[in-house]
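Scroll down for the structure; my scribbles are underneath it.
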Amino acid sequence: MSAALPALEGGTPVRDGAPVPFFQAALSEADIAAVTAVLRGGWLTLGPVTAEFESACAAWLGTPHAVALSSCTAALFLALRAAEIGPGHEVIVPALTFPATVHVIRHVGAEPVLADIELDSFGLDPGEVEALLGPRTRALMPVDYAGHPSRLTELLEICRRRGIVCVEDAAHAFGAAHDGQRIGTVSDITAFSFYATKCITTGEGGLLACRDADFAQRVRLLGYHGMQRDAWKRYTDQGSWYYEIELPGYKCNMTDVQAALGLSQLQRAEALRDARARVASMYTEAFATERDLLLPVTRSGALHAWHLYVVRLRTEGLRVGRDHFAGALRAEGIVPSVHFIPYHQQPAGRSLELRRPLPRTEQFAAQCLSLPLYPSMSDSDVADVVEAVRKLLRYYAR
Ligand SMILES: *Cc1c(COP(=O)(O)O)cnc(C)c1O
């Protein structure tokens, strides 16, 4: 029997109703009630609920200090500012990341040095880092790609040896762990994202976790106009009109409306991860024998947060490339995505001079395809994704 004709080539789509979305937020009635309660309380911005969310996150992660912020981008930016990284300094960052990781380095006036990935966690390659270290290197910014911890043992050893800081971009990795230690307690400084599609959400939001009390205090000051902690109380009946500005800060605080959603989501963080992990293991089982798909693997000692399920197409075995395949999947009624277009291939990144070639990043970026993954995915949604991917692999096989 010849392979079924893809919808993109005039055949019948696997899915005839609504497509399987790439992502769907897992909002519960309790989440909605928590937000509504804050709205009815009348205090909308930074306040006691944000403080409660910070304590709850710190306890959940096992980190001494947690600062809730407007985004992960803000957390990464403030981390570099608080670490006094700026003009004349270099920061090593993987090219395979969301642009924000690179942009914050540019925003503080430092130079991003783009590094290649290793092919087991798809994170920063410690060997490449060694080759890129120089007298001006002040920080490493590993990215826990898809929710899999980076090679943190080796990367932190490099930081210790060189006396430089590690600012970990754990936007994908809330709930992940490295050798039994939760992400957020492994590096000096870790930034998480609570953007709508991330592991848990506050709509928009971020968190900086760190060990050092003074560092946390500096991030708070910098992130709230340079005002002392609790300055938000100046508009309450317990506050005073007096305020003091210690430095020219930024405006990066979280609000109580966001924090209420975060507190409610935090209670389900484990259950949401388990629901994503279940879908991931269904994919892994279903695709185990596909010659032209390379599947994500979890390194021993790692606990994967499963923010994304990213496969690589073995394009040597196929008559089409990733872009065509992604379009064909969309036509079958399955919405895929791509994580990421490497920074140096973006118009904004072309002016950055590459110190070393990035062959693994470039090959990965040409082959990667992110499949739908979200906690409420039904077995029949997963089955449709599997059927559509298989159909296309058969039809486009060489
Ligand atoms: C989403 C994301 C960010 C930015 O998170 P925001 O909370 O939207 O600022 C940073 N890095 C990576 C790898 C991301 O995926």
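Observations on the model:
- Distance from the C-alpha centroid of region 296-367 to that of region 33-48: 40 Å, rounded to the whole angstrom.
- Gaussian network model of the chain, springs between alpha carbon atoms under 10 Å - residue of 125, 16, 214 with greatest fluctuation: 16
- Classified by the C-alpha gyration tensor, region 282-353 has an oblate form. Its axis ratio a/c, with a ≥ b ≥ c, is 1.5 or above, and a/b does not exceed b/c.
- Principal-axis tilt of helix 269-287 within the chain, Cα atoms, nearest 10 degrees: 20
- Among 95, 173, 26: highest mean-square fluctuation, GNM of the chain, C-alpha pairs under 10 Å: 26
- Cα gyration tensor shape for region 270-396, rounded if a/c is under 1.5, else prolate or oblate: oblate
- Relative to the longest principal axis of the Cα atoms of the chain, the long axis of helix 256-266 lies at roughly 50 degrees.
- One chain, two ends: residue 40 and residue 299. Fully extended at 0.36 nm per residue, the span grows by 88.6 nm beyond their Cα-Cα distance.
- Under 22 Å of direct C-alpha separation, and excluding same-chain neighbours fewer than eight residues apart, residue 233 reaches these lysines: 251.
- Anisotropy class of the chain from Cα gyration tensor, a/c 1.5 cut: oblate
- Model label sites at residue 4 and residue 213, defined 7 Å from Cα along the beta-carbon direction, differ in position by 6.3 nm.
- Between the helical axis of 379-396 and the longest alpha-carbon principal axis of the chain there is an angle of about 50 degrees.
- Top of 145, 343, 242 by mean-square fluctuation, Gaussian network on the chain, Cα under 10 Å: 242
All of the numbers you see were taken from the coordinates with simple rules; none came from a lab. No experiment lies behind these values; they were computed from the predicted model shown. Don't worry about glycine lacking a Cβ; one is built from the backbone with ideal geometry, like all the others, and counts go over all protein chains shown.
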